[in-house]
Amino acid sequence: MASRAPARFPGSRELSAEAPLSPHLRSSSSDGMGERLRLPGLYRRVSAWSDSGEDPADWRRPSSVPGRLSERCDEWSSGSERSAARGCSEADERSLGGYSARLSRDCGRQVPLLRGIFQVERRSCDVWLTAGHLLWSPIQPDHPGSSKVQPQPKEESIELRDIFSVKLKRRRLAGQEKGGTLLGITVFVCIRKGHKLKDNAIDFHNLSEDYCDIWLRQLKETLNGFPNRPKSLKVIINPHSHKGEAPNVYYRHVAPLFKLADIQTHVTETNYKGHALALLKECELQEYDGIVCVGGDGSVSEVVHGLLLRAQMDAGKAINGSLSPVRAPLPLGIIPAGTTNVLAYSLHGIRHSVTAALHIIMGNIQPVDACTFSTNDKLLWFGFSSMFGFGGRTLALAEKHRWMPSSQRRDFAVIRTLANLKPESCDLSFLPISNHQLSYHHKKKNEDNLSSSECRDQWQHIQGQVLNVSIMAIPCLCSMAPRGLAPNTRLNDGTMALIIVRSTSRPEFVKHLKRYATLKNQFDFPFVETHLVKEVKLCPQNVSPCGNDLYGHNGEVHSGLSEDVYPWNIDGDLLEASSEIHVRLHPELINLYGSNIDELEEAKAKCSCL
């Protein structure tokens, strides 16, 4: 096909072994953009700003282009052009050897898929696409007769795995929804700053429709090849969470990002407690790639339980205390919109809805350990953390004052429970982790390092009075506990943290609680002991002498609990039980959208409750 520009612009020069990475163009009234650029094994006429554009059939590929790239080049090339490319002379290859070597080094030895000229930040740039990167550098004009050495242009690049969307950029009139003047391509990138993820847009301006379409199709094809990126999501919103901010958080900050990433969503707002559980029991989960929960810890707890319960139902498992559960069928994304957001904070290291949304869009999957809570061989709940004693009674009191604002309700419950502090008598048994310095993955090879006979022999027993017992399979990070409520465990290390606070004076217990808001060791007290365990059995040994009075102090604080029922705090949800609770760990039982936060010491302390 005849070129629309002269084959050789006066004064232009071919790329050679001594040529710099970006082509130098003459500084004249015609910038030579219509001239044929000679690339290693790949030729194309580039017309960066032509309204008419170039014919996309003017692609030539060498015989060495493999697989999918070869098929793409077939789509854009004619047979005669492909034959010409195969006939490229050895002299041409030698002349391009220096360029090829440098490009291979800069692109991580990846073959360029596309190369062209775009305007980036008002500068004409040489842009090329490889299997793993999008790179560009400003084009420097050639100054004939000048002996001054020109500095190398600064090269910029982004990894394709950090791109989550590519769109055509158009200029539209007010009220115009479709069409418009093409301006180029916009690439949307996920950027990490510490624990926070942010979205950023980079514009590549070019006025050719055909030219931009080629780049758009190639970029989208690459993005579609990344695993775990969802295309369809079931979104469950608790409109009553915290200050009722969950719908605003989703529709203002999260939904636009999902739309930008071409993710289809089906949104349901829950109307009552247990609505999410009922929904997940009946929902056709095979229609979705993941589940998203927008709410606080209680909402997340209900969705996690419903998702795992549905997995057992689909697998035909009997729901009992000796259950060996199967994994959840779909990953769960958590958009924090509650008061403490312990699970979201442990996943992302920050309470930030955009960060949580981008983890979902990018398909960042984190396996997480979970627990089963059962009594009398009956499954009660799936969860991640629990508290008995002070933690359970504080939540029970807070639930009776739901009419208060969330922050005031929490502070009121903590202060009132401290004022009526009393120990609980219980019988505690636990199965410690042997050789806990080994990772779970090493233990798995030895069938968890524990046979059934060994488990029976290694059970340990504690009987007496305790102020609080915490059993946690995750670190339980939050703004009020920057190191976490259980800093000795991780999201998926195959261990639970058992933290026992024995009976002590109120001032000493308050000192222990205040340590959670600092970076100091909150367990450095003689009345606190910690263990890494796989199973725990806890049975209360006595009831309050005042019957229905939760705290037994002159009937001032009533819970509505019967005298043989004790409150448990399980992931921010209140569970009432009157007999032994058996807690068992199940490694990597559910996949969550997020990342594993290991640098716990970098979190900043913040507490307003004590």
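Rule-based calculations on the coordinates, nothing more; no lab input. None of these values were measured; they are calculated from a predicted model. Here the Cβ positions follow ideal geometry from the backbone for every residue, glycine too, while neighbour counts run over all protein chains shown.
Details
- Reduced Cα scattering model of the range 282-375, Debye log10 I(q)/I(0), q = 0.23 Å⁻¹: -1.26
- At 0.890 mPa s and 25 °C, Stokes D of the range 211-255 from Kirkwood alpha-carbon radius, µm² per second: 181 µm²/s
- Distances between every pair of Cα atoms in the range 185-300, grouped in 10 Å steps from 0 to the bin holding the largest one, split as 11, 33, 31, 17, 7, 1 percent.
- Note on His461/Lys167: beta-carbon distance plugged into 1/(1 + (r/R0)^6) with R0 of 51 Å gives a FRET efficiency of 0.20.
- When the convex hull of its Cα atoms is viewed from all sides, the range 231-284 shows a mean projected area of 4.0 nm².
- In this structure, the pairs whose alpha-carbon distance is over 20 Å, taken from Lys422/Lys534; Lys234/Lys259; Lys231/Lys317, are Lys422/Lys534; Lys231/Lys317.
- Within-13-Å neighbourhood charge of Arg409 [Cβ basis; K, R +1; D, E -1]: +3
- Summarising the amide proton neighbourhood of Gln264: residues at separation of 5 or more, or on other chains, whose placed amide H is nearer than 5 Å comprise Ser232, Leu233.
- A Förster radius of 35 Å combined with the Cβ-Cβ distance from Arg123 to Glu177 puts the calculated FRET efficiency at roughly 0.65.
- Only the Cβ atoms of Lys and Arg (+1) and of Asp and Glu (-1) were treated as charged; on that basis the dipole of the range 163-297 about its Cα centre amounts to roughly 480 debye.
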